[in-house]
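Structure, as structure tokens:
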Amino acid sequence: MLQRLWLSPRAQRIAERFDGDAAKGVRTLARQLLADSGISGPPFFPDLLAQHCGIREIRPMDMRQDGLLVNEGTAWTIYVNQRYPVRSGQWNAICAHELGHALLLRHGNGERRAVAWTREEEELCDLAARELLLPLRAIHPMLNDGRPDEAFTIESLKWFVDTFRTPPRMTAARLVESGPWRGLAAQWTPRAGGLGGVRLAWWYGDPPPALAPLRRGLAPAELFGETNRIDHAWNADMPTLGLEALHGRKGWVFVRSGPFEENGARYVISLVRFE
Ligand SMILES: [Zn+2]
């Protein structure tokens with residue numbers, strides 16, 4: 001496999017120590033932090049990890065950003081937007097992402113603060129967050145070995161969300177990333193302008209060629225036709241599953257969809273697999 005070239009100096013410094021692979025480095029550092037904390041979770045609450053990573057405190061703040069890591073003398077403080085309740089899924093995800101920044105600083109060149117972060121570094125912090133809140137060693141024993149994807153349902157996803165206290169979208173991405181769901185995770189958010197139904201907002205995983213028309217803003221009907229069950233999951237507020245015919249093309253797509261709510265915002269998550 002071709003090794004990814006890391007461009008930012010902070011990612012490069014981590015890569016140098018881990019066989020040229022910054023992602024592997026961040027995963028290893030996150031696992032070390034979990035081990036140091038001795039937390040046996042789930043859930044793996046980030047405030048219990050923070051003190052093992054040079055963080056003095058996590059504080060709510062009235063601010064525009066979701067989260068911020070601030071250097072204050074010899075320690076860091078994480079500020080989290082006060083609209084997120086402490087230990088809610090989003091609060092956990094934001095703190096864990098900021099812990100990722102702290103890991104990059106701690107294991108970098110000894111710098112104490114960073115003025116700007118690159119997209120690549122933000123990606124590494126998201127990876128660290130998934131590793132911290134949804135560690136593989138905790139996910140895998142909870143799945144039956146060799147269980148076919150068909151047995152993995154929207155209810156299973158909800159169970160992971162409730163047990164690990166993580167945002168649904170992040171949890172779905174992790175289940176794709178770590179193998180239990182061999183396909184795509186997609187998020188659908190309400191269409192604007194009183195159009196009704198939902199539109200594609202985000203996905204995680206590699207779409208197969210037949211799903212090449214995947215692009216942000218698509219309504220499910222544009223992909224799967226008028227009888228799609230994604231709109232149904234949204235309108236009826238219930239999980240749906242089925243084989244969808246890909247609009248205008250040969251082939252079937254296996255789609256499980258369900259409504260989720262996060263901080264007052266509703267959306268639909270689909271687990272998608274190409275047959
Ligand atoms: Zn960040």
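The values are calculated or read from the model by the stated rules, or taken from the named source; none is laboratory data. Bear in mind that the values here come from a model prediction, so they are computed numbers and not experimental data. Don't worry about glycine lacking a Cβ; one is built from the backbone with ideal geometry, like all the others, and counts go over all protein chains shown.
Only one of the numbered conditions (1) closer than 17 Å to Val268 by Cβ; (2) among the polar types (S, T, N, Q); (3) free of Cβ contacts under 8 Å to residues at least 60 places away in the same chain is not met by Ser178, and that is (1).
Results for (1) away from the ligand (no atom under 16 Å from the Cβ); (2) free of Cβ contacts under 8 Å to residues at least 40 places away in the same chain; (3) surrounded by 20 or more Cβ atoms within 10 Å (Cβ to Cβ), shown as yes or no for each residue.
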{"position": "Thr153", "(1), (2), (3)": "yes, no, no"}
{"position": "Trp159", "(1), (2), (3)": "yes, yes, no"}
{"position": "Thr166", "(1), (2), (3)": "yes, no, yes"}
{"position": "Gly197", "(1), (2), (3)": "yes, yes, no"}
{"position": "Pro208", "(1), (2), (3)": "yes, no, no"}
{"position": "Ala212", "(1), (2), (3)": "yes, yes, no"}
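For (1) over 16 Å from Asp126 (Cα atoms); (2) of a type in the set (A, V, I, L, M, F, W, C), each residue gets a yes or a no:
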position: Thr28; (1), (2): no, no
position: Ala35; (1), (2): yes, yes
position: Asp47; (1), (2): yes, no
position: Arg59; (1), (2): yes, no
position: Ile94; (1), (2): no, yes
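With respect to the conditions (1) over 25 Å from Ile139 (Cβ atoms); (2) within 16 Å of the ligand (Cβ to nearest atom); (3) in a loop (DSSP other than H, G, I, E, B), Arg10 falls short on a single one, namely (3).
When we screen Ala138, Ala128 for residues that are outside the structural domain of Gln32 (by TED's automatic domain parsing) and at pLDDT 80 or above, the only hit is Ala138. Within segment 11-19, at least one residue is in the same structural domain as His97 (by TED's automatic domain parsing), out of contact with any Ser or Thr (no Cβ under 8 Å at 6 or more places or on another chain) and of a type in the set (Lys, Arg). So, Asp19, is that one surrounded by fewer than 17 Cβ atoms within 10 Å (Cβ to Cβ), free of Cβ contacts under 8 Å to residues at least 24 places away in the same chain and in contact with a His (Cβ under 6 Å, 6 or more places away or on another chain) or not? Spelling it out, it is not the case that Asp19 is surrounded by fewer than 17 Cβ atoms within 10 Å (Cβ to Cβ), free of Cβ contacts under 8 Å to residues at least 24 places away in the same chain and in contact with a His (Cβ under 6 Å, 6 or more places away or on another chain).
Look at segment 65-86: where a residue is closer than 10 Å to Glu98 by Cβ and a partner is more than 11 Å from the ligand (Cβ to nearest atom) and part of a loop (DSSP other than H, G, I, E, B), sitting 6+ places away or on another chain with Cβ atoms under 7 Å, you get Trp76/Gly54; Tyr79/Met63.
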